[in-house]
1. Examine segment 58-81 for a residue that is in contact (Cβ under 8 Å) with a residue 24 or more places away in the chain, in a loop (DSSP other than H, G, I, E, B), exposed (fewer than 10 other Cβ atoms within 10 Å of the Cβ) and not aliphatic (A, V, I, L, M), and state whether such a residue exists.
2. Quick check on segment 140-155: of everything there that is out of contact with any Asp or Glu (no Cβ under 9 Å at 6 or more places or on another chain) and hydrophobic (A, V, I, L, M, F, W, C), which residue is surrounded by the most Cβ atoms within 10 Å (Cβ to Cβ)?
3. Hey, any hits in segment 182-192 for a residue that's assigned to a loop (DSSP other than H, G, I, E, B) and touching a Pro at 6+ places or on another chain (Cβ under 7 Å)?
4. Just need a number here: residues in segment 156-172 that are of a type in the set (Gly, Ala, Ser) and open to solvent by less than 30 Å² (accessible area, probe 1.4 Å).
5. Which one of 35, 12 is touching a helix residue (DSSP H, G or I) at 6+ places or on another chain (Cβ under 9 Å) and either open to solvent by 90 Å² or more (accessible area, probe 1.4 Å) or without any contact (Cβ under 8 Å) to a residue 24 or more places away in the chain (or both)?
6. Restricting attention to segment 87-107, which residues are open to solvent by less than 40 Å² (accessible area, probe 1.4 Å) and touching a helix residue (DSSP H, G or I) at 6+ places or on another chain (Cβ under 8 Å)?
7. Is segment 118-128 home to any residue that is under 17 Å from the mean Cα position of the chain (by Cα) and open to solvent by less than 60 Å² (accessible area, probe 1.4 Å)?
8. Under 7 Å between Cβ atoms, at least 6 apart or on separate chains: pull out the pairs that start in segment 109-134 with a residue that is free of Cβ contacts under 8 Å to residues at least 60 places away in the same chain and end on any residue that is open to solvent by 20 Å² or more (accessible area, probe 1.4 Å).
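The values are calculated or read from the model by the stated rules, or taken from the named source; none is laboratory data. Since the model is a prediction, treat every value here as computed from it, not as a measurement. Positions of Cβ are generated from backbone atoms using ideal geometry, with glycine treated the same way; all protein chains shown enter the neighbour counts. When the accessible area is computed, the model is the full protein with side chains, heavy atoms only, and any ligands, DNA or RNA have been set aside. Shrake-Rupley method; radii C 1.70, N 1.55, O 1.52, S 1.80 Å.
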Amino acid sequence: MASARLFSSGGESKGTVELPGALFDAPCNEHVVYEAVKTYLANQRQGTHSVKHRHDMKGGGAKPWRQKGTGRARAGSNISPLWVGGARAFGPVPRTYSARVPRSIRRAAIKGVLTQRARDEAVLVMESLDGQGTRTRDFAALLKKLGLGDRKTLVVTGAVHAETVRASRNIPGVQAVPATELSAYTLVSHDALVFTQDGLKALGEVFAS
């Protein structure tokens, strides 16, 4: 059974706490994680890229010069992709990059990353974050007290904790999210995980099945 260090809201050590085996003692399949992360990143793309193709440009109706006798290469249009200022051949067009993987794959990826972080002893649990306020300085001091001052840290709460979000958003490498918004990408992109007890409970309710 995996376990993690438990801390009070002020950062004092309170011993250890057992982590749910359904979440922190699961198989870790690298390819499953890869598919989940790739799909997440693909769904973040806007796909609004575009260039001017020949049918988007005006001009090009008259031949720039006669075919023979000038000593220059043959040319039929001044909007040819070969010309400076001409159209783009085979350029990008607006498209959607949206993709999806089955829910079972997404959850397996999350469980796999959680298990690996627990094995790396990179999971901490806090009784709560109440009383920390919204000051970035105080929250940074708390992370330093927990030994996470120089690590990319993901703080997982039970619900949207507005004070924690405001206090953490100006700290480089630190992000606070509710358990319901957890994804394989956010887990992979952080070195250490800090759960509140409410966040750990909500995580089990959402992803343990």
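1. No: zero hits.
2. For segment 140-155, the residue satisfying everything is 155.
3. From segment 182-192, those assigned to a loop (DSSP other than H, G, I, E, B) are 182-183, 189-191; that's our starting set.
Keeping just the survivors that are touching a Pro at 6+ places or on another chain (Cβ under 7 Å) gives none.
No, segment 182-192 contains no residue that is assigned to a loop (DSSP other than H, G, I, E, B) and touching a Pro at 6+ places or on another chain (Cβ under 7 Å).
4. Of the residues in that region, 3 qualify.
5. Result: 12 is the single residue among 35, 12 that is touching a helix residue (DSSP H, G or I) at 6+ places or on another chain (Cβ under 9 Å) and either open to solvent by 90 Å² or more (accessible area, probe 1.4 Å) or without any contact (Cβ under 8 Å) to a residue 24 or more places away in the chain (or both).
6. Of the residues in segment 87-107, the ones open to solvent by less than 40 Å² (accessible area, probe 1.4 Å) are 87, 91, 101.
Passing the criteria: 87, 101.
7. no
8. The qualifying pairs are 133/163; 134/163; 134/166.
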